[in-house]
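Notes follow once the structure below has been shown.
The values are calculated or read from the model by the stated rules, or taken from the named source; none is laboratory data. If you're wondering where the values come from, they're calculated on a predicted model, not measured in any experiment. Note: ideal-geometry Cβ built from the backbone for every residue, glycine included; neighbour counts use all protein chains shown. Heads up: the accessible areas ignore ligands, DNA and RNA and are worked out on the full protein's heavy atoms, side chains in. Shrake-Rupley method; radii C 1.70, N 1.55, O 1.52, S 1.80 Å.
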Protein chains: 2
Amino acid sequence: MEKQKTLEEVGKFGLIDILTKNFKSSKSTVKGVGDDCAVLELNDSEYQLVTTDLMLEGIHFDLMYSPLKHVGYKAIMQSLSDIYAMNGTPKQATVSVAVSAKFTVNALEQLYDGIRVACEQYGVELIGGDTSSSMTGMAISVTMLGTVGKQNVVYRKGAKPTDLICVSGDLGAAYAGLQILQREKAVYNQGKGDQPKLAGYEYVLQRCLKPEARKDVVDALAKSKIVPTAMIDISDGLSSELFHICKNSNVGCKIYEEKIPINEATGEVCKEFSMEPIIPALHGGDDYELLFTVPLAQYEQVKEVPDVAVIGNIVDAEQGLMMVSRSGDYVHLKAQGWN
Amino acid sequence: MEKQKTLEEVGKFGLIDILTKNFKSSKSTVKGVGDDCAVLELNDSEYQLVTTDLMLEGIHFDLMYSPLKHVGYKAIMQSLSDIYAMNGTPKQATVSVAVSAKFTVNALEQLYDGIRVACEQYGVELIGGDTSSSMTGMAISVTMLGTVGKQNVVYRKGAKPTDLICVSGDLGAAYAGLQILQREKAVYNQGKGDQPKLAGYEYVLQRCLKPEARKDVVDALAKSKIVPTAMIDISDGLSSELFHICKNSNVGCKIYEEKIPINEATGEVCKEFSMEPIIPALHGGDDYELLFTVPLAQYEQVKEVPDVAVIGNIVDAEQGLMMVSRSGDYVHLKAQGWN
């Protein structure tokens, strides 16, 4: 009898390939499984975008340090980020929540307050959902619908050699914030009665607890008449996302360590934890920045887009995925597996 | 300080009212929170339907007696049932699954096999989803999209006095099946080594483990040119669903116990458990039948629709929600609360 494979052995992305290999596509579906959103025919000029995310207490958030209002806010940001990664405009969302009996009505009101504020700020309408009980902890599922002009939709698959590789904002900050929260939680759990030391860490904590989806970047690209050749949001770390773009576009990449934007506050935290800042930038999760490629000819335009850095360029597939380190060495990039 | 309310105190439907009271509607949303599906503008002749469901191990299914293939199948049936309850046609679905490390790839393949078979049989395309890890057990979130002609959409709110109240199939069978499964699980857990006694219970077990959404009923109604005045699917028991229709339509109802369809097999199980069969029919969950109202003038047409029973009629709101028992007594119906 064949040995049964474990989830660790196949990895998250291998698992998705296995599970979806028998699914059939139809005419109305432009793109099914395998991008930030599914893409459906909507009308002559637009596609509809659909994305869904599942967040679980203990895996995706820890109520010991995440206020429920922030949990709700972040749940919406995740889905928004997927819509923006297709160069789209978010429109509607449904939210389903399962909770155990330990939660009060007031606690759920805080959660929904965060959901409502996020939806209002980004112009998304909450159109439905479901509540149910759970055995332990909280589960939140968000589905978001959006639209995108057929001329403007951006997939993971369009990157071409010589294209510039760009990222918005800075990377690794959410991971740095998480390290602080986990350290203070450990101290608290030792029962020493100390108040958590969070002062001075505001930037990384906010990036971890209350991230913002990059609507501003998508708007700025539109204003500069730039339609990226490929785009993805950075939820699993730069390295994993580069793998997705390169695999789907059948190309390689060369990025420069010194060009990767890392906030000073992130660097400070890394120093405290004796960690190279490039590690969370490459492999930390939850940044919700955008990674995209633009034709080399648009260098002058993209340079003018606020809060966007050019970190390298696309190369032939045979050259693989490389990072040129600060010391000039060529480092092969690795994708993260199941986490 | 005001005492914080518990979930039990407000009940599931009270909770949804509290949580959604601050949500705003826009032009593109025809119907938001508060029906089986949200209803969005799609094009000149059609609306788009959106529904989302969250299923958790230990709450909605028990892997001790539910094969994973059936769990996947049933997850799709739940959402299909919501689309049919709007008189719509299901089109696409996304599925997100969270699992703990105890599950093998093979187990997840079985789950997805059930999802795929259900989607194929009902003409639904699986367009995306997400997998992640969980601390304990499995969580499945399904979002389904569908369409419905603007002339044909049916809400919970259109029932009028004198309308006939109709249900498809028979009621209480899934609850009866669940009683058998729970009894055999308890016997097994006592460690007596007996094989579970499931022979002879096939009908109720199938209704519990592998329900079918009533596409056939929606198709038959269309063929008979009947557009119900109100419709809902029966997932929380007839009594609760009548409450939803009556509340949304601002009417009352009078149903007749003797008209409520209950399968003989369900009656047999109820006898074993010394339970009146009307109890699971009124309050048992997971039947996935359709409850709908049609104008009195369409009595002749609806009588000809296969597998549909007329169980009473809509009355003025002042008369409340009543059931005429077999002995001729008037019984006030109760809605189920949080479960």
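Just a few scattered comments:
- Candidates A:ALA309, A:ALA317 - the one that is of a type in the set (Gly, Ala, Ser), under 23 Å from the mean Cα position of the chain (by Cα) and surrounded by 14 or more Cβ atoms within 10 Å (Cβ to Cβ): A:ALA309
- Any chance B:THR89 is open to solvent by 10 Å² or more (accessible area, probe 1.4 Å) and either in contact (Cβ under 8 Å) with a residue 12 or more places away in the chain or in the same structural domain as B:ALA220 (by TED's automatic domain parsing) (or both): yes
- Tallying residues that are open to solvent by 10 Å² or more (accessible area, probe 1.4 Å) and either touching a strand residue (DSSP E or B) at 6+ places or on another chain (Cβ under 7 Å) or hydrophobic (A, V, I, L, M, F, W, C) (or both) within segment B:58-73 yields 5.
- Where A:TYR84 falls short, out of the listed (1) surrounded by fewer than 24 Cβ atoms within 10 Å (Cβ to Cβ); (2) more than 22 Å from B:ASP82 (Cα to Cα): (1)
- Some residue of segment B:98-105 being at pLDDT below 95 and more than 8 Å from every other protein chain (Cβ to nearest Cβ): yes
Residue-by-condition table, conditions (1) out of contact with any His (no Cβ under 9 Å at 6 or more places or on another chain); (2) in contact (Cβ under 8 Å) with a residue 60 or more places away in the chain; (3) under 12 Å from A:LEU333 (Cα atoms):
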| position | (1), (2), (3) |
| --- | --- |
| A:MET231 | yes, yes, no |
| A:GLY237 | no, yes, yes |
| A:ILE245 | yes, yes, no |
| A:GLY252 | yes, yes, yes |
| A:PRO261 | yes, yes, no |
| A:GLY267 | yes, no, no |
| A:GLU276 | yes, no, no |
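- Subset of segment A:83-97 (residues that are facing chain B (nearest Cβ under 10 Å) and within 22 Å of B:LEU42 (Cα to Cα)): A:LYS91, A:GLN92, A:ALA93, A:THR94, A:VAL95
- Candidates B:SER235, B:SER274 - the one that is within 23 Å of B:ILE180 (Cβ to Cβ) and over 20 Å from the mean Cα position of the chain (by Cα): B:SER274
- Matching residues in segment B:147-174 - criterion: being assigned to a strand (DSSP E or B) and more than 24 Å from B:ARG207 (Cβ to Cβ): B:THR147, B:VAL148, B:GLY149, B:LEU164
- Matching entry among B:SER79, B:SER96 (being open to solvent by less than 40 Å² (accessible area, probe 1.4 Å) and either out of contact with any Leu (no Cβ under 6 Å at 6 or more places or on another chain) or in a helix (DSSP H, G or I) (or both)): B:SER79
Yes/no matrix, rows are residues, columns are (1) without any contact (Cβ under 8 Å) to a residue 60 or more places away in the chain; (2) assigned by TED's automatic domain parsing to the domain that holds A:ASP216; (3) exposed (fewer than 14 other Cβ atoms within 10 Å of the Cβ):
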| position | (1), (2), (3) |
| --- | --- |
| A:LYS271 | yes, yes, yes |
| A:GLU289 | no, yes, no |
| A:ALA297 | yes, yes, yes |
| A:GLU304 | no, yes, yes |
| A:SER327 | yes, yes, yes |
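- When segment A:114-146 is filtered for residues that are part of a strand (DSSP E or B), under 18 Å from the mean Cα position of the chain (by Cα) and not hydroxyl-bearing (Ser, Thr, Tyr), the ones remaining, listed by number, are A:ILE140, A:VAL142, A:MET144, A:LEU145, A:GLY146.
- Output for segment A:122-159, where each listed residue is among the charged types (D, E, K, R) and facing chain B (nearest Cβ under 7 Å): A:GLU125, A:ASP130
- Single residue of A:TYR112, A:TYR155, A:TYR175 found to be aromatic (Phe, Trp, Tyr) and assigned by TED's automatic domain parsing to the domain that holds A:GLY285: A:TYR175
- Positions within segment B:123-177 being open to solvent by 10 Å² or more (accessible area, probe 1.4 Å), among the hydrophobic types (A, V, I, L, M, F, W, C) and under 21 Å from B:ALA309 (Cα atoms), in sequence order: B:LEU164
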